[in-house]
Structure formats: C-alpha cells, structure tokens
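Trainee: Take this structure first; my questions come after.
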Amino acid sequence: AGVRHDFKPAKRTWAALGVQGTAPYFIETKATAFLGEQGQAAISLSAEKEVMLTQKTVFIPELALNLYGKDDHELGVGSGLADLNLGLRLSYEIEREFAPYIGVNWSKKFGKTADMAEHHGEKTQDTQFLVGIKAWF
C-alpha cells in the first residue's frame, strides 16, 4: 500500500494497493490498483519469467498492461485497456550479480487512448531495441 504522484503530463496523486509475488510456473507477477483524487481508477498488471537456456544464458519474456476506469484527457488515457507492452531480453550472467543483455520492447496503445494519441499527432505503437547491464550488489 502506498501513494503514487505523477508530475507529468498532469499532476495527479493516487492511493495505491498492490501485490507482488511468484505465480505458478515461477512467473513473477505484479498487480497494483490505483484510486485518484477525482475518482479516477487504474490497474497496472505485469508478469515476467526467467527461462534458463544454459547455466549462464537467460531468456526473459515480459508483459505489462494498464487499464483505466474513465477517460482522463489531461493524462491522455481513455477508459478500458490503455496500453500493452511486450518485451524480450536475452541475458548472459558473467556473475549472478552482473549480466549484460540485449532485447526488444514493443508497445501499443488501444481504444480511446490510441484515439487521443492520434489526435495529438503521437504514435500508437513503438518498438525499441535494448542493450544494457543488470547489476546488483
């Protein structure tokens, strides 16, 4: 439980209640519900799974989506499914604490959110290629 504050594109404060854990088949999941000051409601869901291809090579598919209870033109989101993000990463663990990776992310806006984006001249889908390092101490 906690509080979320958005600074851009519009200032919003949300109450948040979420759960995080491992679902069956070792799928890491997160689900968070948000309630805004002016009656806005949102749900954020995500899941990822680490698939060991070898003892050091890891394939990680990831899925995330956001749903909103009503249209919010200041935030540029419509009611229902707002967006979906799919990601794939391939990582090589030099050490468990240090792993370079490459990947691709694909995102798409749906419904009224896509309509609002098109109205403002924005793209409704995007593909990004990733190169990075996962490190922890």
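Trainee: In the stretch 51-73, which residues are exposed (fewer than 14 other Cβ atoms within 10 Å of the Cβ) and either touching a strand residue (DSSP E or B) at 6+ places or on another chain (Cβ under 8 Å) or in a strand (DSSP E or B) (or both)?
Mentor: Scanning the stretch 51-73 gives 51, 52, 53, 56, 57.
Trainee: For residue 99, state whether it is more than 16 Å from the chain's Cα centre (by Cα), surrounded by 15 or more Cβ atoms within 10 Å (Cβ to Cβ), among the hydrophobic types (A, V, I, L, M, F, W, C) and part of a strand (DSSP E or B).
Mentor: Taking the combined requirement at face value, the residue satisfies it.
Trainee: Further, regarding this structure: Filter the stretch 24-34 down to the residues that are among the hydrophobic types (A, V, I, L, M, F, W, C) and touching a residue at least 24 places away in the same chain (Cβ under 8 Å), then identify the one that is most open to solvent (accessible area, probe 1.4 Å).
Mentor: 26
Trainee: In the stretch 74-87, how many are closer than 16 Å to residue 6 by Cβ and crowded, with 18+ Cβ neighbours inside 10 Å?
Mentor: Within the stretch 74-87, residues that are closer than 16 Å to residue 6 by Cβ and crowded, with 18+ Cβ neighbours inside 10 Å number 5.
Trainee: Related question: Exactly one condition in (1) of a type outside the set (Ser, Thr, Tyr); (2) closer than 20 Å to residue 109 by Cβ; (3) at pLDDT below 95 is not met by residue 24; state its number.
Mentor: For residue 24, the failing item is (2).
Trainee: Mind listing whichever residues of the stretch 112-137 are in a helix (DSSP H, G or I) and open to solvent by 50 Å² or more (accessible area, probe 1.4 Å)?
Mentor: Result: 112, 115, 118, 119.
Trainee: Further question on the same structure: Going by what's in this entry, would residue 82 be described as small (Gly, Ala, Ser), more than 21 Å from residue 114 (Cβ to Cβ) and part of a strand (DSSP E or B)?
Mentor: Against the criterion (small (Gly, Ala, Ser), more than 21 Å from residue 114 (Cβ to Cβ) and part of a strand (DSSP E or B)), residue 82 does not qualify.
Trainee: Still on this structure, I have one more. Quick one: what pairs do we get from the stretch 1-23, first residue within 22 Å of residue 48 (Cβ to Cβ) and without any contact (Cβ under 8 Å) to a residue 24 or more places away in the chain, second surrounded by 10 or more Cβ atoms within 10 Å (Cβ to Cβ) and of a type in the set (Asp, Glu), C-beta under 7 Å, 6+ apart or different chains?
Mentor: From residues that are within 22 Å of residue 48 (Cβ to Cβ) and without any contact (Cβ under 8 Å) to a residue 24 or more places away in the chain, the pairs are 22/28.
Trainee: Within the stretch 4-14, how many residues turn out to be part of a strand (DSSP E or B) and either at pLDDT 95 or above or charged (D, E, K, R) (or both)?
Mentor: Going through the stretch 4-14 one residue at a time, the tally reaches 3.
The values are calculated or read from the model by the stated rules, or taken from the named source; none is laboratory data. Keep in mind it's a predicted model, so treat the numbers as computed, not measured. Glycine also receives a Cβ, built like all others from the backbone with ideal geometry; neighbour counts cover every protein chain displayed. We work out accessible area using only protein heavy atoms, side chains counted, and drop any ligands, DNA or RNA first. Shrake-Rupley method; radii C 1.70, N 1.55, O 1.52, S 1.80 Å.
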